[in-house]
Every structure is written in structure tokens, then in C-alpha cells.
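See structure below.
The values are calculated or read from the model by the stated rules, or taken from the named source; none is laboratory data. Bear in mind the structure is a predicted one, so any value in this text is a computation, not a measurement. Cβ placement follows ideal geometry from the backbone for every residue including glycine, while neighbour counts extend to all protein chains displayed. Heads up: the accessible areas ignore ligands, DNA and RNA and are worked out on the full protein's heavy atoms, side chains in. Shrake-Rupley method; radii C 1.70, N 1.55, O 1.52, S 1.80 Å.
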Amino acid sequence: MQPMKTLNLKLNEKSYPIYIGRDLLLQADFLSKHISGRQVMIVSNTKVAPLYLAKVEALLGGFSVKNVILPDGEKYKNLETLNLIFDALLAEKFDRTCTLIALGGGVIGDMTGFAAASYQRGVNFVQIPTTLLATVDSSVGGKTGVNHALGKNMIGAFHQPQCVLIDINTLDTLEARQYAAGMAEVIKYGLLGNAKFLQFLQQNMPALMARDKDLLAQAIYQSCADKAEIVATDELESGRRVLLNLGHTFGHALENTLGYGKLLHGEAIAIGMLMAAKLSMLEGHLSADEVAQVADLCKKADLPCEINSKIKITDFTKAMLVDKKSVAGKMRLILLKKLGQAFITNDYQPDNLHKIIEEFL
Ligand code: NAD
Ligand code: GLY
């Protein structure tokens, strides 16, 4: 068996393990011990199910296992698709002791988590993330939800899983563009709070992009460890968890104005982080060289550094204001004091923000 590492996200009675390793989908113990009740609903999509559903089902001997296969894509992350999960749970007469398993990327994880948060006022669920983005970000921390036409992730709940099971081998089948998009969230951890990890990424990005498994395991472990540490101190995002949204106010506005799915979430976040870095430079925190380092790392990770479509400035600004980071219509932003240290502020020159928006749009 391949080596495996376990992290614990410490949230008192809601604490849970994050298992990271290769071939974990060949070992039944990790999953079965986190399943309460006998009824299990695996939620996946048309792309992931043919690849991994049978493997997960094979781990669940002794349980009554059903599945619901959703259409694939960010554009289906909405209330209508969510309802398909409720339809399946009710049709199969699932009771409150059931467990849902999210098998897929962040879209499946967020929707399954939200279904688990609301079905019969809350049932258990397990995350089996299969994209790089989902392994390092969306499967950890309990944010669940769906998009609304007027704003991304606007409808949702905090609901923690029973465990997160990361089998790194599932990333073998991930398309290159999706892999790169996940790397944006990995870079985010380095930029926002871990200068040492940022150096590791700068040194190893070519090998990481070549999917070196040992380095990848280290990068996933460190990303999950950094996220778990932040979530453990601020589960409901009343303080420092906001830092995890570095680049997201810009990125969500990009996704919304371009139409969900045009830019991948991680691609939008990469551009958003670069916008945040440039604004940090205009605000006197970062040097031009440091901004260039951010752009260089994104380029090495095959991430876009600019927007290749026309967006109206007024539409973009309106979308930024809908973002959850806005309080009473005033935009809080996450900027960088230095590489490896982000901070939350609404004390910036509006002119500088406009300059950045104009430059990128
Ligand atoms: P995704 O779920 O759409 O997956 C990307 C694509 O990869 C899809 O086509 C999917 O079917 C396919 N796929 C998944 N696993 C595969 C595999 N192993 N092999 C081949 N193809 C595979 O997108 P994503 O990037 O994983 O997640 C983005 C979503 O996550 C967004 O909706 C975003 O809002 C959300 N998100 C949530 C949080 C959170 O804290 N809850 C954090 C970050 C992002
Ligand atoms: N992805 C941001 C968070 O989980 O808080």
C-alpha cells in the first residue's frame, strides 16, 4: 500500500479527518468507518461516475447504496439540479440516518454538501474530491451551496463532512486545463499566509505541473493543512477565514459577468489574485518585482494572467458588489502586505481600484 497522511480539522464535536494518499479508493476502512446508518447515496456526475463510481461502490459492501448522476458543469450548479438529489433521496425513501457521498469536483461537492445540509434538516456526508481544486479547497471547511443568476454561491450553508478522502490517483484522469485551475488555489495558500510554501511552489512548479506524485502529495497536504488551520479558528467566516478568498471578489465578478463556465473557477481566481497583487502594489505594499513573481508563478502553472473577452466596467463593478465580501454595499478586499501575508481591508484608494479594473478589462 502507498503511504498515507492524515490531517485533522479540529472543530470540537464536528472535527473530522482528511485522508491524503494514493489508492485510498482501494481501501474500504477509511470510508466505511465514517458512514452512519445503512442508506448511502453517492452523488456524482456524467463525467466522474464512469471513472470512479464502481470503485466507490465496491468499498461499501454491507450498506444499501444508491446513486444519483447529475449533469456535468458549473452551469448546472443551481437549485434545479440540486432538486434532482432531493428527488432521488425521497424516491428511495432515505431517512435522517443516511449518508451522502460527494464523488467529483467542487461543483458536486458543494451541491452534495448543501443537499446534506438541508435534507430532513441535515444529514451526514462524506467528500471524495476528484479535482485538484476540490482536494485543496472546496472539500475542506464545510462551505456548501449553489449559484444564483445574480451571484455565485449565493445560496448555501455551512455543513461539515464526516471525512474527506483524497485519493491522489483520481487526479490522473483530470484534463490539463482543470489541473491548472486547481493549481491557482494551491498558489493562493502560499500567497495569503505561507511564504515558505510559496518558495516551495516557485521551486517546484514545473515538476508539479508534470504531476510528480510525491510533490503533488506534499502540495495537497500543505494546502489542506493551511486551510484546516484557518477554518478551525473561524468556521463561519466572521474573521480570518475571509483571507481564503484572496482574488475571489475579482474572480467571482469575472465568472458572473462572463457567464458561469466560460472561465474555470481557478482561472478566474488566478486573474483575481493578480488584480489583488497589482492593487496591493498601487497601495504601496508590494514591489513591481513581487507582482511579477505572482504573474510568473501563474504562467508556470499554465494559468491566464489576463481577460481575453470584453466586459463592461459597470457590469463588473456591480458583480463585485454582490459578492459576499461586500458589507452594506462597501467592498472589503483582500490585499497583500507582502508575498505570503494577506490582509482584509476597506481602506484603499477607490481610484486605485478603478485603475486596476480598467487595466484588466
Ligand atoms: P468541477 O467540479 O466542475 O470539475 C471540473 C471538471 O472536471 C468537471 O467537468 C468534472 O466533471 C471533471 N472531473 C472531476 N474529477 C475528474 C477526474 N478525476 N477526472 C476527469 N475529470 C474530472 O470544478 P472544480 O474546479 O472542481 O470546482 C469548482 C467549484 O468549486 C466552483 O463551483 C466553486 O465555486 C467551488 N468552490 C467551492 C469552495 C468551497 O469552499 N466550498 C472552494 C473553492 C471552490
Ligand atoms: N474557499 C474559501 C473558503 O472555504 O473559505
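Worth a mention:
- The stretch 265-361 - percent of accessible surface contributed by carbon and sulfur, probe 1.4 Å: 50 percent
- Interchain or long-range residues, amide H under 5 Å from TYR16's placed H: LEU9, LEU11
- The convex hull drawn around the Cα atoms of the stretch 77-173, when projected onto a plane and averaged over every direction, covers 6.2 nm².
- Diffusion coefficient (Stokes-Einstein, Kirkwood radius over C-alpha pairs, 10 °C, 1.306 mPa s) for the stretch 162-309: 100 µm²/s, rounded to a whole number.
- Each other residue within a Cβ distance under 15 Å of ILE187 adds +1 if Lys or Arg and -1 if Asp or Glu, for a net charge of -2.
- Kirkwood Rh, angstrom, the chain [1 / mean 1/r, Cα pairs]: 20.5 Å
- Eligible aspartates and glutamates near LYS77 by straight Cα distance, threshold 12 Å, same-chain separation 8 or greater: ASP110
- Gyration tensor (alpha-carbon) shape descriptor, the stretch 18-69, a/c threshold 1.5: oblate
- Computed with a 1.4 Å probe over protein heavy atoms only, the accessible surface of the stretch 260-313 comes to 43 Å² per residue.
- A Cβ-based charge dipole, computed about the Cα centre of the chain with Lys and Arg at +1 and Asp and Glu at -1, lands at about 460 debye.
- Phi angles of the stretch 64-81 translate, via the Karplus equation with coefficients 6.51, -1.76, 1.60 and θ = phi - 60°, into HN-Hα couplings of 8, 10, 10, 9, 10, 10, 8, x, 8, x, 4, 5, 9, 7, 8, 5, 4, 5 Hz per residue; Gly and Pro are given as x.
- Of the solvent-accessible surface of the stretch 27-158, computed with a 1.4 Å probe over protein heavy atoms with every protein chain present, carbon and sulfur atoms account for 54 percent.
- Gyration tensor verdict on the stretch 255-319 (Cα atoms; rounded if a/c is under 1.5, prolate if a/b is larger than b/c, oblate otherwise): oblate
- Per residue, the stretch 1-91 exposes an accessible area of 52 Å² to a 1.4 Å probe, with every protein chain left in place.
- Between SER15, LEU70, VAL43, the Cα set farthest toward the positive side of the dipole of the stretch 14-120 (charges on each charged residue's Cβ, about the Cα centre) is that of SER15.
- Selected from ASN245, ASN12, ASN346 as most flexible by GNM, with the chain as the system and alpha-carbon contacts under 10 Å: ASN12
- Heavy-atom accessible surface of the stretch 177-228: percent carbon and sulfur, 1.4 Å: 47 percent
- Axis of helix 213-233 versus longest Cα principal axis of the chain: the two differ by about 80°, to the nearest ten degrees.
- The long axis of helix 248-258 is offset from the longest Cα principal axis of the chain by roughly 80 degrees.
- Cα centroid of the stretch 254-316 to Cα centroid of the stretch 78-109, whole Å: 34 Å
- Convex hull volume per residue for the stretch 150-191, taking Cα atoms only, in Å³: 154 Å³
- Most positive-pole-ward Cα, ALA195, ALA232, ALA184, against dipole of the stretch 180-329 from beta carbon charges: ALA184
- Principal-axis analysis of the Cα atoms of the chain puts helix 195-209 at an angle of about 70° to the longest axis.
- Across the options ALA295, THR314, GLY340, the greatest Cα extent toward the positive end of the charge dipole of the stretch 277-361 (unit charges at beta carbon of Lys, Arg, Asp, Glu) belongs to THR314.
- Average accessible surface for the stretch 95-196: 27 Å² per residue, computed with a 1.4 Å probe over protein heavy atoms with every protein chain in place.
- Prolate/oblate/rounded call for the stretch 9-113, Cα gyration tensor, a/c under 1.5 rounded: rounded
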